[in-house]
Amino acid sequence: MANLYIDHILIAVRKLSIASATWEALGFKVTPEGKHPGRDTHNRLIVFRHEYLELIAINDDSTPPFRPSMRSFLESREGLFMFALGTDDIGGTIADLRSRGVKVGELLAGARDAGESPGYTWKSANLYANLPGTECFLIEHDQIIEERYTLPQDPTVHGNAISGIKGLTLAVNDADRVAYQWKSVLGLDEPVDISTENEVRRCLRFGNANIYIVSPTSPGSMLEFLETYGEGPFELSLQTTDLATTLAELRRGGVDYKTVLNPGKPPSISISPVHTSGVILRIT
C-alpha cells in the first residue's frame, strides 16, 4: 500500500466568517473562501507545508448534503469533525484495501473554486466504518500544495510560528480494540503504548503526524465527551517552532491559554474551545 499521511482535518463550523476571524486571532493566516461545485459546502483553510486544517461550513441549504452527518454534527456543536488520509496512489490504495476485504467507497472527483486563488481538484473515497472513532476518507490531490494555495502571501508561514499538525486524539471506549483494528485495516506498524494512570493511550504513526487512540480510565473531560457525543475526534495537537513567539501572538490576539508542564518534556499550551471554534487545542 502507498504511504499514508494526515492530509487535512475538517473543523465543522456554523459561520465561516466568524470561524476565520477566530483562527486569525490565534495568529494564523487563513486562505480566501473556497466553494465546492455541486456540493453544499464552502471553506477557508489554514495551510502548512504538508497538510492543512479545513474550516468548513454549509453554504447552500438547497443542495443535497454531500456529508449528511455534518449537518447533524452542527446541530449539537462546532469543532473537530473528521479527517482525510492522503496518498499519492489512491487507485492502488483502494485496490489493496479491497483485496483484503475492506469496504471502500467509490472513487469521487472533487474541486475547490476560490475565485482569485487557483482552483484545484482531487479524488477521494470514503472508508465508512472501517476505522472506529471517526469518519475518515482517502484523498489524492491533483496539484501539489504550492500550486493549490498562493493567497495570502506565504500561506504556510504563520505569525504564531506554528508549523504543522502533530497529532489528533480520538476518544473511544476501547482503545486497544480500536487501535488494532486501525492497524489491521491500514497495515500500520504496531500501536505504541503510551498510557497514563488516567487513560489507555495507543499511538499510530503516519508519515507526518500521529493518531492517538485513547480511552479514559477515570472521570474527566474525555469521559464526559464520550457520554455526551460518543466516540470521535477529541483533541488537536499542533507543533510550533518557537513557543515564545506563539505565546506572544496569543497574547496579542487576546486569547486565554494555559501552560501545561509535562515532566521530562517541553511545556505545552492548552487553549479553550471558546477561542478555537469548539476545538480542544494543544500546542507543543
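The values are calculated or read from the model by the stated rules, or taken from the named source; none is laboratory data. Just so it is clear, the model here is predicted, and its values are computed rather than measured. Quick reminder, even Gly has a Cβ in these numbers, built from the backbone with ideal geometry, and neighbours come from all protein chains shown. All accessible areas refer to the heavy atoms of the entire protein, side chains included, with ligands and DNA or RNA removed. Shrake-Rupley method; radii C 1.70, N 1.55, O 1.52, S 1.80 Å.
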Open item on the list: Looking at L204 and the list (1) in a loop (DSSP other than H, G, I, E, B); (2) under 29 Å from R100 (Cα atoms), which single condition is not satisfied?
Closed with: (1)
- [ ] Being free of Cβ contacts under 8 Å to residues at least 24 places away in the same chain and under 20 Å from N130 (Cβ atoms) is the filter; apply it to the range 204-240 and report the residue that is most open to solvent (accessible area, probe 1.4 Å).
- [x] R205
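Hey, any hits in the range 129-142 for a residue that's more than 28 Å from S76 (Cβ to Cβ), surrounded by 15 or more Cβ atoms within 10 Å (Cβ to Cβ) and aliphatic (A, V, I, L, M)?
Step one: of the range 129-142, the residues more than 28 Å from S76 (Cβ to Cβ) are 140-142.
This time we only want the ones that are surrounded by 15 or more Cβ atoms within 10 Å (Cβ to Cβ), so: 140-141.
Subsequent filtering for residues that are aliphatic (A, V, I, L, M) retains none.
So far as the range 129-142 goes, no, none of its residues is more than 28 Å from S76 (Cβ to Cβ), surrounded by 15 or more Cβ atoms within 10 Å (Cβ to Cβ) and aliphatic (A, V, I, L, M).
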- [ ] Could you tell me which residue of the range 171-203 is surrounded by the fewest Cβ atoms within 10 Å (Cβ to Cβ), considering only residues that are acidic (D, E) and more than 25 Å from G79 (Cβ to Cβ)?
- [x] E197
Task: Yes/no for L168 being under 30 Å from T241 (Cα atoms), assigned to a loop (DSSP other than H, G, I, E, B) and in contact with a Ser or Thr (Cβ under 9 Å, 6 or more places away or on another chain) - done: no
TODO: Give the residue that is nearest to G110 (Cα to Cα), with candidates limited to residues of the range 32-60 that are in contact with a helix residue (DSSP H, G or I) (Cβ under 9 Å, 6 or more places away or on another chain) and not in a strand (DSSP E or B).
DONE: D40
Task: Which numbered condition G159 misses (of (1) at pLDDT below 95; (2) open to solvent by less than 60 Å² (accessible area, probe 1.4 Å); (3) over 30 Å from E224 (Cβ atoms)) - done: (1)
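For V157, indicate whether it is touching a helix residue (DSSP H, G or I) at 6+ places or on another chain (Cβ under 8 Å), in a loop (DSSP other than H, G, I, E, B) and β-branched (V, I, T). Show your work before the answer.
Numbers: touching a helix residue (DSSP H, G or I) at 6+ places or on another chain (Cβ under 8 Å): no; in a loop (DSSP other than H, G, I, E, B): yes; β-branched (V, I, T): yes.
No.
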